[in-house]
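Any read-out appearing in this document is the output of simple, stated calculations on the displayed coordinates, not a laboratory observation. Bear in mind that the values here come from a model prediction, so they are computed numbers and not experimental data. Ideal geometry is used to build each Cβ from the backbone, glycine not excepted, and the neighbour counts take in all protein chains shown.
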Amino acid sequence: MSQVELDPVHFPMPRVQGCPFHPPQELRDIQSAGRPVRVQIWNGTKPWLITGHDRQRSLLTDERLSSDPTHPQFPFQSVGIEARRARTTTFIQMDNPEHNHYRRMLTGQFTAKRMEAMRESIQEITDRLLDELQELEGPVDLVEHFALPLPSLVICQMLGVPYESHELFQEASATLLSQSADRDQVDEATVVLRELARDLIAVKRGRDDDDIISHLVRDHLEQGELTEDQVVDMSLLLLVAGHETTANQIALGTLALLENPEQRDYLQTLTDRSDIARAVDEMMRFLSIAHVGRRRVALEDIQVDHDVVIRKGEGVIFPDAAGNWDPDVYERPDTLDLAREGAGRHMAFGFGTHQCLGQPLARVELQIAYTSLFARLPTLRLHGRASDLKFREDMNIYGVYALPVTW
Ligand code: HEM
């Protein structure tokens, strides 16, 4: 069987200037061609790029593809992630059955029902931040004053992490998620975060607190089911994933609404929970912020097209937008349409066994954030021009570095 070798383009590709919401044109061209191709990544290796909604779905549930980064050709997102993954052992980088064993220790904490029960407290945090925002003289950076503190406060409350440490963990998380950070910077950030988690675990031992880290300590560490290092790593996975992703989705989503005023007006008319949920799903699909894609490695040869076989040991990348902007599934994918039927089929939270554990939480946060922001500040507008904004192309989670607004 012949392998198709095209000249490998570099991945991730740059976006077209002036189109910050659109996936890179080169990626869209590869998707239109409809065949898996090889790309070149930062370390010179040439993993496969899988596009198309249905093909991505089918391969993301294929157990012949592994998330285990100890395989030699695992296509890491960056040197920093490679350095970090080598030292941690959380379920995001395990295959089943181990993955399920550890993930189950946390699933009860993130059920949709439990997150619904948190609606009131998330609304309170949101209202408080908006009260403080309204006190400020504009222009104000919405990332600093709203998008970042909201999910940070919520995840701190859930994990039992004092919010006073937010600058420390936000800065360290940003280093871990940067594609340009080097090994030393990542090591330093990892030390900072691990110390924070270890100190917290020490405080929580022997106490009866009702937060997630306390639950891990009481139910699993003290029972000998987890080591302290494992509790540290799980806590940090939740802390990092729990604020950075949602923060970027809030900020970039707000910009998308400001740039699409008819969609913002439509959002402001919504009162039904399921309509608001659909609008948020469409924002997730449209923005696909985890833009460096899912990363896997083949455990066996896998035939993926009539003349394409992914060989055992080869790396595989699933870029979010190459599924979420598939015109065979989403009509006019480049249009933000908050009333879109079927928007919930997107894979912005991943797909398969590693599908985002925190998605019920992120959904509630986003539903509250967008609706409350525009209800409280109906005249919200960008201060300056969108073309002057700096976008996070160099980070594993896409977004905007700062969003100056006024109202
Ligand atoms: C807009 C917000 C979010 C986005 C776009 C997002 C995206 C993702 C994606 C794409 C994955 C799949 C990774 C893979 O397949 O390799 C994932 C996994 C994960 N996410 Fe999220 N996430 C968000 C919010 C959150 C929140 C709030 C938490 C909470 C604590 C969280 C915790 C996790 C965890 C623990 C995993 C690993 C799941 C596993 O391996 O079984 N995420 N997320």
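Key figures
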read-out	value
27 Å Cα-Cα reach of residue 312 towards lysines, excluding residues that sit fewer than 8 places from it in its own chain	46
Rg over Rh, two decimals, the range 269-403 (C-alpha only, Kirkwood Rh)	1.03
Fraction of beta bridges assigned by DSSP in the chain that are antiparallel (%, nearest 5)	80 percent
Dipole of the chain [Lys/Arg +1, Asp/Glu -1 at C-beta], most positive-end residue of 125, 23, 270	23
FRET efficiency, 1/(1 + (r/R0)^6) with R0 35 Å, evaluated for residue 163 and residue 390 via beta carbons	0.85
Calculated FRET value between residue 218 and residue 188, using beta carbons and R₀ = 30 Å, to 0.05	0.45
Cα gyration tensor category, rounded, prolate or oblate, for the range 132-219 with a/c compared to 1.5	oblate
Distance between modelled label sites at residue 225 and residue 376, nm, 7 Å Cα→Cβ extension	3.9 nm
Mean separation of Cα contacts under 8 Å, 6 or more apart, over the residue count of the chain: relative contact order %	25 percent
Nearest-20 debye value, the range 80-174 charge dipole, Cβ charges on Lys, Arg, Asp, Glu	880 debye
Check: the chain dipole with +1 on Lys, Arg Cβ and -1 on Asp, Glu Cβ, in debye	660 debye
Charge dipole of the chain about the Cα centre (unit charges at C-beta), most positive-ward option of 404, 11, 360	11
Helical mean residue ellipticity (222 nm; -39500 (n - 2.57) per DSSP H run of 4+; nearest 500) of the chain	-14000 deg cm²/dmol
FRET efficiency estimate (nearest 0.05) - Cβ-Cβ, residue 43 to residue 312, R0 22 angstrom	0.65
Those lysines that a straight Cα-Cα span of less than 29 Å connects to residue 113, excepting residues fewer than 8 apart in one chain	204
Zone of residue 209's modelled label, taken as backbone nitrogen in the range 138-168 under 16 Å from a point 7 Å along Cα→Cβ	153-166
Cα gyration tensor, the chain - rounded (a/c under 1.5), prolate or oblate	oblate
Other-chain or far-sequence residues with amide H under 5 Å of residue 395's (modelled H)	179
Whether the range 79-166 is rounded, prolate or oblate, judged on the alpha carbon gyration tensor where a/c under 1.5 counts as rounded	oblate
